[in-house]
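Notes to accompany the following structure.
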Amino acid sequence: MPRLAASHLLFFAILFSLAAPASAEMRGAWVASVHNLNFPSRTGLSADQQRAEIRRIISIAAACRLNTLMVQVRPEGDALYRSRLEPWSRFLTGTQGVDPGYDPLDTFIAEGKSQGIAIHAWINPYRASTSKAGKAENHISRTMPGAVRRVGSMLWMDPGDPAVRQHVVRVVEDIVRRYAVRGVILDDYFYPYPGTGLPRGTFPDDTTYGRYQAGGGGLNRADWRRENVNTLIRELHTVVHANRQGAWFGVSPFGIYRPNVPRGVEAQLDQLTELYSDPVAWLREGTVDYLSPQLYWADAGPQSFSSLLGWWRSSSVNPRGILVFPSLAVDRLGGSHNWPVQEISRQLDIESSIRPKGGFIIWSMAPLMRNTKGVNGVLQGR
């Protein structure tokens, strides 16, 4: 076999680094901005007050031996960073489009770097609004009104409109080009969850589906909807790798693929036919670098944590061995669930025992900020 030139070896080294995330353990947590769940703690804080909150979040994460934060920078077609494409989020100042006087994402990256914590930009791909609050002039509901649908009290970008997909890809490309994020992650909101104003299996996309059919498309509506989401996943995976060397692209889907999958698991939702989300296809195609299924249930119950994680990490579901980091419901230590802290300790033990192990992501930073039931000590001891 002829000896490869040094330039060829460098090319393949770079290509491999783009295609395969490092195998270091993920120890992450979600930082939610929607409705001011985690950051900022309320609207209208000064820039200095918000910076101080970021420093405290980073400091507590570091004390818990976390190495990654998933920071929600696009909760409803808006931005918690200085964007040329979308308006400032109302969760910063109380009014969409108003400059908070600093750049939150840039601050998270800088403060995280100082304590060895990587930042992944968490975006919601399709939700345009959670309420009827006023929209800035450069919000998608005003710049592309024909691509936005009303679903109950929400506004939703139509996944079947190619202009929506192109816009989301541009948003992600802009983030990874300008910010030193370690990755980009989507949450579980693809087609909206069924509920008030949206019966199961429905979405107001007659116009876009009719346009698709008129263009010669042959898929039935359900398969077409799934393919709309699959196409976005493929394009985002490509654009992340094309614009930031070594960056990861991940998705955090609903934790149960389908009812009775794996056998015996109970679920009131079928994400494949109701959210049109097919994370198994992404694993098998290799269009994600990691997956973080939301395994927000106790072990040994009707949605058993160990059964679900074993299924997601199995070679039959995940033949490429793509990293699977379960999201853990640490918030259920409080509220009506009132889990004992031993449940989180047990889930961490289970995560370490199921191969291929890779780590975890805590939902969310709020219990760590309060050290609910001493959970910070559980994390510090691992």
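The values are calculated or read from the model by the stated rules, or taken from the named source; none is laboratory data. Predicted, not measured: the structure shown is a model, and the values here were computed from it. Virtual Cβ from ideal backbone geometry, glycine too; neighbours counted across all protein chains shown. The accessibility values were calculated without ligands, DNA or RNA, using every heavy atom of the protein model including side chains. Shrake-Rupley method; radii C 1.70, N 1.55, O 1.52, S 1.80 Å.
Listing for the model above:
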{"read-out": "Percentage of interatomic Cα-Cα distances in segment 184-242 larger than 17 Å", "value": "51 percent"}
{"read-out": "Neighbour cut-off at most 10 other Cβ (10 Å), DSSP loop, chymotrypsin sites (Phe, Trp or Tyr not before Pro), segment 249-326", "value": "none"}
{"read-out": "Segment 197-307: equivalent-ellipsoid semi-axes (sqrt of 5 x gyration tensor eigenvalues, Cα, Å)", "value": "27, 23, 10"}
{"read-out": "Spin-label pair Arg320/Thr130, simplified geometry with 7 Å Cα→Cβ offset, distance in nm", "value": "3.2 nm"}
{"read-out": "C-alpha center-to-center spacing [segment 311-368, segment 101-178] in angstrom", "value": "27 Å"}
{"read-out": "Mean separation of Cα contacts under 8 Å (6+ apart) over length of the chain, as relative contact order %", "value": "16 percent"}
{"read-out": "Per residue accessible area of segment 80-160, 1.4 Å probe, in Å²", "value": "37 Å²"}
{"read-out": "Relative contact order (percent, whole number), segment 276-382, Cα cutoff 8 Å, 6+ residue spacing", "value": "27 percent"}
{"read-out": "Accessible-area composition of the chain, carbon plus sulfur, in percent [1.4 Å probe]", "value": "52 percent"}
{"read-out": "Inter-label distance, nm, simple model (7 Å from Cα along the C-beta direction), Arg55/Thr273", "value": "5.4 nm"}
{"read-out": "Computed log₁₀ I(q)/I(0) - Debye formula, equal Cα scatterers, no solvent, segment 118-181, q 0.14, 0.17 Å⁻¹", "value": "-0.45, -0.64"}
{"read-out": "Fraction in percent of alpha-carbon pairs per bin - 10 Å, segment 22-62", "value": "26, 46, 20, 8, 0"}
{"read-out": "Segment 223-382: proportion of alpha-carbon pairs further apart than 25 angstrom, %", "value": "34 percent"}
{"read-out": "Mean projected area (nm²) of the alpha-carbon convex hull when segment 78-230 is viewed from all directions", "value": "10.0 nm²"}
{"read-out": "Peptides ranked, highest mean first, by Cβ atoms within 10 Å: ranges 338-350, 361-373", "value": "361-373, 338-350"}
{"read-out": "Distance histogram for segment 140-257 (every C-alpha pair counted, 5 angstrom bins, percent rounded to whole numbers)", "value": "2, 10, 19, 21, 20, 16, 9, 4, 0"}
{"read-out": "Distance histogram in 10 Å bins (all Cα pairs of segment 84-126, percent per bin)", "value": "25, 45, 29, 2"}
{"read-out": "Per principal axis, descending, Cα span of segment 259-340 in whole Å", "value": "39, 24, 21"}
{"read-out": "Cα principal axis extents for segment 20-167, largest first, Å", "value": "46, 40, 27"}
{"read-out": "Average accessible surface area per residue within segment 178-251, 1.4 Å rolling probe, Å²", "value": "42 Å²"}
